[in-house]
Amino acid sequence: MAAKKKTAKKKTAKKATAKKKITRKKTAAKKSTAKKKTAAKKKTAAKKSTARKKAVTKKKPSAKKTAKKTAKKTAKKKAPRKSVTEHAGEITPYPIKKGEEYMNEPMSQHFREILQNWKRELMEEVDRTVHHMQDEAANFPDPNDRASQESDFAMELRTRDRERKLIKKIDESLVNLENGEYGYCEECGIEIGVRRLEARPTATLCIDCKSLDEIRERTRA
């Protein structure tokens, strides 16, 4: 009986020892997994920190680049340019009286002032462009800056050329005004109209003839 009890105790002790070993192995495995997770988190955090630093470094431009951009912006800042018909919003509409004769002296004087003021504005703009090109002309070392400047100057010159042709039309309108031919359609001879002339003082066609002319141009194209 004693031998049997000893054998049972030994078996129980062996089982307890085996359980302890299994428990130790599980604990060690859990600790190892936890360590791996902590190390992975640290690596991820380090990568994010490095990426943020690089992004901040990229976002901060150098002093030279900032100076170049500022110089370009300053060069592009010019006086606001007026469109060829913007003057129409600056004039006081002519008060048409009932039964008033078309193109009488007050009406002719009204359009004479419009045309003369418009011509003066365009001439001032031409002078401003000349002075601007003289002041801004510079031999930039950077080819991109030179190309940008040449492109701006070419656009200015095209605009001035268009306005030069417009000045010629204004002169023709002033001559027609003095001859008593201003304000009448060149094709059908009817009155162009005060409001249309205020919107486009150099108009030479009434609205109907102008519409037909535009239709013909589209047909040819």
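The values are calculated or read from the model by the stated rules, or taken from the named source; none is laboratory data. All values derive from a computational prediction rather than experimental measurement. Counting neighbours? That spans all protein chains shown, and the Cβs are built from the backbone with ideal geometry, glycine included. Surface areas here come from the heavy atoms of the whole protein model, side chains and all, with no ligands, DNA or RNA. Shrake-Rupley method; radii C 1.70, N 1.55, O 1.52, S 1.80 Å.
Mind listing whichever residues of region 96-112 are within 17 Å of residue 177 (Cβ to Cβ) and either open to solvent by less than 90 Å² (accessible area, probe 1.4 Å) or among the basic types (Lys, Arg) (or both)?
Within region 96-112, 102, 103, 104, 106, 107, 108, 109, 110, 111, 112 meet the criteria.
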Given the conditions (1) under 21 Å from residue 94 (Cα atoms); (2) open to solvent by less than 70 Å² (accessible area, probe 1.4 Å); (3) at pLDDT below 95, report the number of the one that residue 174 does not fulfil.
-> (3)
Any idea how many residues of region 178-209 are in contact with an Asp or Glu (Cβ under 7 Å, 6 or more places away or on another chain), surrounded by 19 or more Cβ atoms within 10 Å (Cβ to Cβ) and part of a helix (DSSP H, G or I)?
-> 0
